[in-house]
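Input: a single structure, listed below in structure tokens.
The values are calculated or read from the model by the stated rules, or taken from the named source; none is laboratory data. Given the structure is predicted, the values throughout are model-derived calculations rather than measurements. Cβ placement follows ideal geometry from the backbone for every residue including glycine, while neighbour counts extend to all protein chains displayed. Only protein heavy atoms, including side chains, enter the accessible area calculation; ligands, DNA and RNA are left aside. Shrake-Rupley method; radii C 1.70, N 1.55, O 1.52, S 1.80 Å.
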Amino acid sequence: MNETDSLKIKTISALLYSFGGFVANSGIQFVIGIIMARLLLPKDYGVLGMVAIFIAISKIFIDSGMTQALIREKEVDQADYSTVFYYNLLIAIVMYVLLFLSAKTISIFFREPLLVDIVRVVGLGLIISSLGLIQRTMLIRKLDFKTQTKIDFISCIMSGCIGIIFAYIGYGVWSLVIGSLSNQVISSFLLMASNKWLPSVTFNIYSFKRFFGFGWKLLLNGLLVTIYRNVYNVIIGRMYSATQLGYYSKSIQLSELAVSSIGTPLLQVSYPVLSKMKDNNEILKAGFKKIIKNVSFLTFPIMIGLAAAAGSLIQVIFGDNWVPMVPYFQIICLTQILTPHYSLNLNILLVKGRSDLVLRIHILIMCIGLIGIGAVLALNLGIYGLLWMGVGVSPVVFFIASHYSKEFISYSTKEQIRDMIPTVIISILMGMLVYISGLVLPFNNTVRLSLQVAIGVITYITMCKLARIEELDTVYQLTKKILQKSNIKIKTK
């Protein structure tokens, strides 16, 4: 078996486990989210959302692009891993100390007394999660998504049950904090137990310089992206109410759960796989083109369908307390629709070692976004103005990122759009039918939602079959293999 065939088999296997596992985990998270949302109030999610930007920024500093640098290296030794491990752990401790000392200031800024203790407890997760970063990186390098899938699945179930128990007995926002911390504890423990790697007592300054030389640009990239993505939390939490921030936070969480179920497995697998093809642009383009077409085939109908059925969906899964969340969720679904395409195009730049261009792109995008936010605030357009501004910026972000794919692998923005158009048109037609059916069907929300889902799925598959969309067969074969693997496991037990 030659190297190309071996890589193809590993890629398919990695996709099967990554995609199947992520869908399973997403399903578990979805169910847990429903139960938690019915036990808690929107305000509880809003209070935790106020902390999100500080935790996210801390995580960016802890990683500093080092794991990406390790993944793209052809050869990595024990000293390399140990060096990055000690760096991650040291920065995690430093960031926690800074958060601990800043807790009162954060609480005063948001006018929320609870944040003092919440920041100090949630911040502990930074140290805990840093302990398993190298183990996860090693698994990614080996394309071992089977082990990661098992770990994530177990962590999700156990931490979800813990969160539900505390929510049920009345711990409110603290049940979310406890659930999050337990997830990090369980995940890190399982990563260390399964990989059985321990750092050596060494810190190689040359390894550090090499990895940080690549990673510092990703650190700045991550900071810009994180600040931009979480600036809404700061604005809504400071200018409006915790309840409104709760609607926004839950909308982001639900929409990201949907889009990540498709984008994340492909991103996880595509980076190490495409890195192995980086010296052959023809093969790299062919592989990337397939990924773009398949992610479009899945993402567009899911996000448009969710937006179309949002009225019934939110009421059925979260209850009456969350009905005002519907327009938030619909707009955010439209914003998120091109997120996987944007991230995949950036992956090409990282594969080619051009993290400097990724940094340049993020600086440009942040400037555009902040100008838009400033205009919305100046014109006093409110929360909906902020949300619709995100929809307008989304295609601009994609155009900027995809521009460089033409330069490096001759896959232009125009060609990418041409590959997306068939599924975009079919998805819009399907979404219109789903939305109209939600208006005219004279049933309760549960029955109406079930019918809307059925109408959407049948319409989309039928139209794709009539239009001879080849990705339909690709997804069918992938689903078939996932089910076959599951069936084999069930029979052998």
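Could you tell me how many of the residues in segment 209-255 are closer than 29 Å to residue 39 by Cβ, open to solvent by 20 Å² or more (accessible area, probe 1.4 Å) and basic (Lys, Arg)?
Residues flagged as closer than 29 Å to residue 39 by Cβ, open to solvent by 20 Å² or more (accessible area, probe 1.4 Å) and basic (Lys, Arg) within segment 209-255 amount to 2.
Which numbered condition trips up residue 405, out of (1) open to solvent by less than 30 Å² (accessible area, probe 1.4 Å); (2) without any contact (Cβ under 8 Å) to a residue 12 or more places away in the chain; (3) of a type outside the set (Asp, Glu)?
With respect to (1) open to solvent by less than 30 Å² (accessible area, probe 1.4 Å); (2) without any contact (Cβ under 8 Å) to a residue 12 or more places away in the chain; (3) of a type outside the set (Asp, Glu), residue 405 is out only on (2).
Residue 189 - would you say it is part of a helix (DSSP H, G or I), open to solvent by 20 Å² or more (accessible area, probe 1.4 Å) and under 18 Å from residue 125 (Cβ atoms)?
Details: part of a helix (DSSP H, G or I): yes; open to solvent by 20 Å² or more (accessible area, probe 1.4 Å): yes; under 18 Å from residue 125 (Cβ atoms): yes.
In short, yes.
Taking segment 123-147 as the region of interest, how many residues are open to solvent by less than 10 Å² (accessible area, probe 1.4 Å) and polar (S, T, N, Q)? Even if it seems obvious, please write down each step before you answer.
Taking segment 123-147 and keeping what is open to solvent by less than 10 Å² (accessible area, probe 1.4 Å), we get 123, 125-126, 130, 132, 134-135, 137, 139, 145.
When the remaining residues are screened for being polar (S, T, N, Q), the result is 130, 135, 137.
Here the count works out to 3.
Quick one: residue 411 ticks every box in (1) open to solvent by 10 Å² or more (accessible area, probe 1.4 Å); (2) not in a helix (DSSP H, G or I) bar one, so which box is it?
Only one criterion is unmet by residue 411, namely (1).
Criterion first (of a type in the set (A, V, I, L, M, F, W, C), surrounded by 14 or more Cβ atoms within 10 Å (Cβ to Cβ), at pLDDT 90 or above and farther than 17 Å from residue 303 by Cα) does residue 417 satisfy it? Step through it out loud before you land on a result.
Values: of a type in the set (A, V, I, L, M, F, W, C): yes; surrounded by 14 or more Cβ atoms within 10 Å (Cβ to Cβ): yes; at pLDDT 90 or above: yes; farther than 17 Å from residue 303 by Cα: yes.
For residue 417, the condition - of a type in the set (A, V, I, L, M, F, W, C), surrounded by 14 or more Cβ atoms within 10 Å (Cβ to Cβ), at pLDDT 90 or above and farther than 17 Å from residue 303 by Cα - is met.
Against the condition at pLDDT 60 or above, open to solvent by 40 Å² or more (accessible area, probe 1.4 Å), in contact with a Phe, Trp or Tyr (Cβ under 9 Å, 6 or more places away or on another chain) and not small (Gly, Ala, Ser), how does residue 39 come out, does it pass?
Values: at pLDDT 60 or above: yes; open to solvent by 40 Å² or more (accessible area, probe 1.4 Å): yes; in contact with a Phe, Trp or Tyr (Cβ under 9 Å, 6 or more places away or on another chain): yes; not small (Gly, Ala, Ser): yes.
Taking the combined requirement at face value, the residue satisfies it.
Taking the condition under 19 Å from the mean Cα position of the chain (by Cα), open to solvent by 20 Å² or more (accessible area, probe 1.4 Å) and either modelled with pLDDT under 85 or more than 28 Å from residue 209 (Cβ to Cβ) (or both), does residue 51 pass?
No.
Checking the condition farther than 13 Å from residue 210 by Cα and open to solvent by 60 Å² or more (accessible area, probe 1.4 Å), which residue from 44, 77, 63 passes? Outline the logic, then answer.
Values: 44 fails: open to solvent by 60 Å² or more (accessible area, probe 1.4 Å); 63 fails: open to solvent by 60 Å² or more (accessible area, probe 1.4 Å).
Only one candidate passes the filter, namely 77.
Can you tell me which residue among 418, 448 is more than 28 Å from the chain's Cα centre (by Cα) and in a helix (DSSP H, G or I)? Step through it out loud before you land on a result.
On the way: 418 fails: more than 28 Å from the chain's Cα centre (by Cα).
Exactly one of 418, 448 is more than 28 Å from the chain's Cα centre (by Cα) and in a helix (DSSP H, G or I), namely 448.
Give just the number: which of (1) among the hydrophobic types (A, V, I, L, M, F, W, C); (2) out of contact with any helix residue (DSSP H, G or I) (no Cβ under 7 Å at 6 or more places or on another chain); (3) closer than 29 Å to residue 36 by Cα does residue 164 not satisfy?
(2)
Name every residue in segment 462-471 that is surrounded by fewer than 17 Cβ atoms within 10 Å (Cβ to Cβ) and in a helix (DSSP H, G or I), in order of residue number. It would help to see each step written out before you state the result.
Narrowing segment 462-471 to residues surrounded by fewer than 17 Cβ atoms within 10 Å (Cβ to Cβ): 462, 465-468, 470.
Hits for segment 462-471 are 462, 465, 466, 470.
Can you run down the residue pairs with Cβ atoms below 7 Å, 6 or more apart or on separate chains, where the first is in segment 460-487 and closer than 14 Å to residue 423 by Cα and the partner is of a type in the set (D, E, K, R) and modelled with pLDDT of 75 or more?
471/293; 472/465
Pull up segment 62-94, narrow it to residues that are in a helix (DSSP H, G or I) and of a type in the set (Asp, Glu), then point me to the one that is farthest from residue 201 (Cα to Cα).
Just the residues of segment 62-94 that are in a helix (DSSP H, G or I), to begin with: 62-63, 66-72, 78-94.
Still in the running and of a type in the set (Asp, Glu): 63, 80.
Numbers: 63: 20, 80: 12 Å.
Taking the candidates together, the pick is 63.
Among the numbered criteria (1) surrounded by fewer than 16 Cβ atoms within 10 Å (Cβ to Cβ); (2) among the hydroxyl-bearing types (Ser, Thr, Tyr); (3) in contact (Cβ under 8 Å) with a residue 40 or more places away in the chain; (4) part of a helix (DSSP H, G or I), which one does residue 206 miss?
Of everything listed in (1) surrounded by fewer than 16 Cβ atoms within 10 Å (Cβ to Cβ); (2) among the hydroxyl-bearing types (Ser, Thr, Tyr); (3) in contact (Cβ under 8 Å) with a residue 40 or more places away in the chain; (4) part of a helix (DSSP H, G or I), residue 206 misses just condition (3).
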